[in-house]
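The values are calculated or read from the model by the stated rules, or taken from the named source; none is laboratory data. Everything quoted here is computed from the prediction, not taken from an experiment. With ideal geometry, Cβ positions are generated from the backbone for all residues, glycine too; neighbour counts draw on all protein chains shown. Heavy atoms of the whole protein, side chains included, go into the accessibility calculation; ligands, DNA and RNA do not. Shrake-Rupley method; radii C 1.70, N 1.55, O 1.52, S 1.80 Å.
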Amino acid sequence: MTTDLAAFAEQNNIKYFMISFTDLFGGQRAKLVPAQAIADMQEDGAGFAGFATYLDMTPAHPDMLAVPDPESVIQLPWKPEVAWVAANCVMEGEDVAQAPRNVLRRLIAEAAEEGMHVKTGIEAEFFLLTPDGSQISDEFDTAAKPCYDQQAVMRRYDVVREICDYMLEMGWGPYQNDHEDANGQFEMNWDFDDVLKTADKHSFFKFMAKSVAEKHGFRATFMPKPIEGLTGNGCHAHISVWDAPGSESKANVFAGAKGDSQTAELGLSEQGAHFLGGIMKHASALAAITNPTVNSYKRINAPRTMSGATWAPNTVTWTGNNRTHMVRVPGPGRFELRLPDGAVNPYLLQAVIIAAGLSGVRSKADPGKRHDIDMYAEGHKVRGAPKLPLNMLDALRFYDRDKELKAAMGEEFSAAFLKMKREEWNSFVSHFSQWEQMHTLDI
């Protein structure tokens, strides 16, 4: 039964709703709607000028309507008179094909037709910086090996505890919080769920972390590499496929009996192996979505960090329970994609996982050889495995050449994404930097 947002407002003393959507660049856009107007908005949507956001539209386009999905509604724990609700973008009665949440919804439906219901959990890493973003917020967080630092996490206890309390209150099932491998960096984990719910939670988590950090006088950033020389922000995704959605699911179809193949040895079923094969097959193109900014490639192609490891892949390889590869299979019935970073669009991350995985299942793709080595120390010994793109332009070129993945994500979406990302790249290369002066002034 669909939630009536007007009744929800009355029952929960809501005064305003944030009707929110995410654009192609992952920007979160919203209108603040008084509760008295939400009944009409639930029916017709809130009007936006798509051109004013990162969508491929012009000022001449008609109104884009953001129609709230009432099942996604969340009462803001830190401002209870406001509720956030994710919206689906519609124009002239049709879904906007390039809108990220619509891309994901279409792929969820496509997978469901083949009896596949993808569930994921994500590991959202972020830094707490000074308000101007120039340095980490904790001047005493200077350890060479800061991961799991007990003192450092407790110095930011008020922020971490507040966010975790809110997740507990919302029923997300948070289960651990830690200081991560970079000074000033944190990670918070909550239970896995159906991909649309995970994407909505991921989107809301970013909003929540930034809001709580601001409240405490800090700045939370998910930027892939905000501090030179330190480990970057990843957004690892743990992936499994089930026989039904939500609480109806009974069987994990990725869980297989132990066997002789390299995937079966790790408890991954034949379908799970093919899904993994699709991820491996499309990995270089996948990077355009999972690592969507110029800065992303400072993380996946980083030199050794201060802690001694980047914790990011640079080669298309998979393994068992080993964190130096692009994909690891830590246990039966699931695998972890370690490629995505903190800048990834929450909806496009889930969409591209389904698109690549479906491609692998349909073509019975082979994930290739398992490499059980330390890629940081012995990666040079691997022969034939593609290197991940060196920069955003290379990633866009890989994506543009991958006709199958482009079609799976939607031709309209792919055209819009490539157009706007190329414009971003052109803006970057036309920027005159201090590095150029330093290295060229006296030539």
> Across region 285-312, which residue is farthest from L418 (Cα to Cα) among those that are part of a helix (DSSP H, G or I) and open to solvent by 20 Å² or more (accessible area, probe 1.4 Å)?
Replying inline: K298
> Among G333, G342, which is the only one that is within 20 Å of D194 (Cβ to Cβ) and either in contact (Cβ under 8 Å) with a residue 24 or more places away in the chain or β-branched (V, I, T) (or both)?
Replying inline: G333
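Per-residue answers, yes or no, for (1) hydroxyl-bearing (S, T, Y); (2) under 29 Å from T310 (Cα atoms); (3) exposed (fewer than 13 other Cβ atoms within 10 Å of the Cβ):
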{"position": "K215", "(1), (2), (3)": "no, no, no"}
{"position": "F222", "(1), (2), (3)": "no, yes, no"}
{"position": "P226", "(1), (2), (3)": "no, yes, no"}
{"position": "T231", "(1), (2), (3)": "yes, yes, no"}
{"position": "H236", "(1), (2), (3)": "no, yes, no"}
{"position": "W242", "(1), (2), (3)": "no, no, no"}
{"position": "K250", "(1), (2), (3)": "no, no, yes"}
> Which fully enclosed helices (runs of 4 or more DSSP H) of region 347-443 have 1 or more residues being open to solvent by less than 40 Å² (accessible area, probe 1.4 Å), aromatic (F, W, Y) and touching a residue at least 60 places away in the same chain (Cβ under 8 Å)?
Replying inline: 392-401, 411-429
> part of a loop (DSSP other than H, G, I, E, B) and under 27 Å from the mean Cα position of the chain (by Cα) - does that describe any residue in region 81-94?
Replying inline: no
> Is one or more of the residues making up region 409-416 modelled with pLDDT of 95 or more, farther than 22 Å from D23 by Cβ and out of contact with any Pro (no Cβ under 7 Å at 6 or more places or on another chain)?
Replying inline: no
> Among Y175, Y166, which is modelled with pLDDT of 95 or more, open to solvent by 60 Å² or more (accessible area, probe 1.4 Å) and not polar (S, T, N, Q)?
Replying inline: Y175
> Only one residue in E94, E139, E125, E110 is over 29 Å from I14 (Cα atoms) and either surrounded by 17 or more Cβ atoms within 10 Å (Cβ to Cβ) or touching a Ser or Thr at 6+ places or on another chain (Cβ under 8 Å) (or both), so which one is that?
Replying inline: E125
> Would region 182-189 turn up any residue that is under 23 Å from W242 (Cβ atoms) and within 17 Å of the chain's Cα centre (by Cα)?
Replying inline: yes
> In region 57-75, how many residues are open to solvent by 50 Å² or more (accessible area, probe 1.4 Å) and within 24 Å of the chain's Cα centre (by Cα)?
Replying inline: 2
> Out of (1) of a type outside the set (K, R); (2) open to solvent by less than 70 Å² (accessible area, probe 1.4 Å); (3) under 27 Å from D193 (Cβ atoms), what's the single condition that is false for G50?
Replying inline: (3)
> If K210 satisfies every condition in (1) open to solvent by less than 30 Å² (accessible area, probe 1.4 Å); (2) without any contact (Cβ under 8 Å) to a residue 40 or more places away in the chain; (3) closer than 23 Å to D181 by Cα but one, which is the exception?
Replying inline: (1)
> When you go through S249, S284, S296 one by one, which is the residue that is among the small types (G, A, S) and closer than 15 Å to P367 by Cα?
Replying inline: S284
> Among the residues of region 12-21, is there at least one that is within 18 Å of H61 (Cβ to Cβ), out of contact with any strand residue (DSSP E or B) (no Cβ under 9 Å at 6 or more places or on another chain) and surrounded by 18 or more Cβ atoms within 10 Å (Cβ to Cβ)?
Replying inline: no
